[in-house]
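For reference, the structure discussed in these notes is given below.
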Amino acid sequence: MSNDLNPSTQHKHKIIVANWKMNGSEALIKEFSKFQQPKTNDIIICPPFTLLAPAKILLPDFIKLGAQNCSGEGSGAFTGEISASMLQESGVSHVIIGHSERRSLYKETNSIILKKVEAVLKSELTPVVCIGETLSEKKASKTLQVLEKQIDASIAKVNAQTRLIVAYEPIWAIGTGLIPNEDEIRKTHLHIKEKLNQYFNSDIPTLYGGSASAENCSKITSIENVDGLLVGGASLKKHDFEIICNC
Ligand code: PGA
């Protein structure tokens, strides 16, 4: 394996994705309607499903809209589910798939995630596929092995040469205030990129997620092969998220 990737494959514009999880309200959308446009970075906000319609109306046009999940099925008797084509009709451009909370709380396996990624791509939306290791896997030095398995099983089989984003989120870093050190992020992102390069001709943007904040965003996004951030808690605070979007 090479020690580094060609710097020309580095994305100049960072991709900043806000994952609001089961938080937010119309009042928060109204607050974000006055969001300052960042100089270069691409911004995607993923509110809960019910806030997509007000978000479409009230958020400035430079903010793209994403969903946090969708069904792997096209249509039919799947009570409570929402399909990728419904999201596409609602003005969504991106869908987070395989977040660790979906994997652990809702028992989403790599094969379920693969089906969802395929459904998202079929509707011409961009999946933001989350991968990451638990603390015990990290302690057992299994991080790269776990990530490779997740990539092999939930991403590698799709035909997505142009529309695919991967988010590396160490599960132990989500909502904890803990983050891997710079060297760990650098090595892990390089490994992910090299693995993705085995399957895809084009460079797949790879984001970091897990306790990203207004304080640490510039440091994290300056690490090689980090193409942006997936932000949870800090994306609910307009001022903090504006700083992150300008990192
Ligand atoms: P956090 O969440 O930024 O609050 O750690 C990130 C995520 O779960 O996507």
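The values are calculated or read from the model by the stated rules, or taken from the named source; none is laboratory data. Note that the coordinates shown come from a computational prediction; the quantities given were computed from them, not determined experimentally. Neighbour counts run over all protein chains shown; Cβ positions are idealised from the backbone, glycine included.
Tell me yes or no: at least one residue of region 182-194 is more than 18 Å from the chain's Cα centre (by Cα) and under 25 Å from K21 (Cα atoms).
Restricting attention to region 182-194, the residues satisfying the condition of being more than 18 Å from the chain's Cα centre (by Cα) are 182-184, 187, 194.
Those left that are additionally under 25 Å from K21 (Cα atoms): none.
No, because not a single residue in region 182-194 is more than 18 Å from the chain's Cα centre (by Cα) and under 25 Å from K21 (Cα atoms).
Hey, does region 78-92 have a residue that's within 24 Å of P170 (Cβ to Cβ) and either within 16 Å of the ligand (Cβ to nearest atom) or under 19 Å from the mean Cα position of the chain (by Cα) (or both)?
Looking only at region 78-92, we keep the residues that are within 24 Å of P170 (Cβ to Cβ), and these are none.
No.
Among the residues of region 38-50, what is the count of those that are of a type outside the set (S, T, N, Q), at pLDDT 95 or above and farther than 17 Å from V231 by Cβ?
The qualifying residues number 1.
Considering each of G80, G66 in turn, give the residue that is in contact with a His (Cβ under 9 Å, 6 or more places away or on another chain) and at pLDDT 95 or above.
Only one candidate qualifies: G66.
Out of region 209-231, which residues are within 10 Å of the ligand (Cβ to nearest atom), touching an Asp or Glu at 6+ places or on another chain (Cβ under 9 Å) and not aliphatic (A, V, I, L, M)?
G209, G210, S213
If I filter region 129-143 for residues that are surrounded by 17 or more Cβ atoms within 10 Å (Cβ to Cβ), touching a residue at least 40 places away in the same chain (Cβ under 8 Å) and under 17 Å from G66 (Cβ atoms), do I get at least one hit? Spell out the reasoning first.
In the first step, residues of region 129-143 are kept if they are surrounded by 17 or more Cβ atoms within 10 Å (Cβ to Cβ); the result is 129-133, 137-138, 143.
From what is left, the residues that are touching a residue at least 40 places away in the same chain (Cβ under 8 Å) are 130-132, 143.
Restricting the remaining residues to those that are under 17 Å from G66 (Cβ atoms) gives 130.
Yes, that holds for at least one residue.
Consider S111 against the criteria (1) more than 16 Å from the ligand (Cβ to nearest atom); (2) closer than 18 Å to D152 by Cα; (3) surrounded by 14 or more Cβ atoms within 10 Å (Cβ to Cβ): it satisfies all of them except one. Which criterion is unmet?
(3)
Working carefully through the options V146, V226, V166, find the one that is of a type in the set (A, V, I, L, M), touching a residue at least 40 places away in the same chain (Cβ under 8 Å) and farther than 25 Å from S123 by Cβ.
On the way: V146 fails: touching a residue at least 40 places away in the same chain (Cβ under 8 Å); V166 fails: farther than 25 Å from S123 by Cβ.
After applying the criteria, what remains is V226.
With the structure loaded, tell me whether N197 is in a loop (DSSP other than H, G, I, E, B), modelled with pLDDT under 95 and away from the ligand (no atom under 14 Å from the Cβ) or whether it fails that test.
On the way: in a loop (DSSP other than H, G, I, E, B): no; modelled with pLDDT under 95: yes; away from the ligand (no atom under 14 Å from the Cβ): yes.
Criteria not met by N197.
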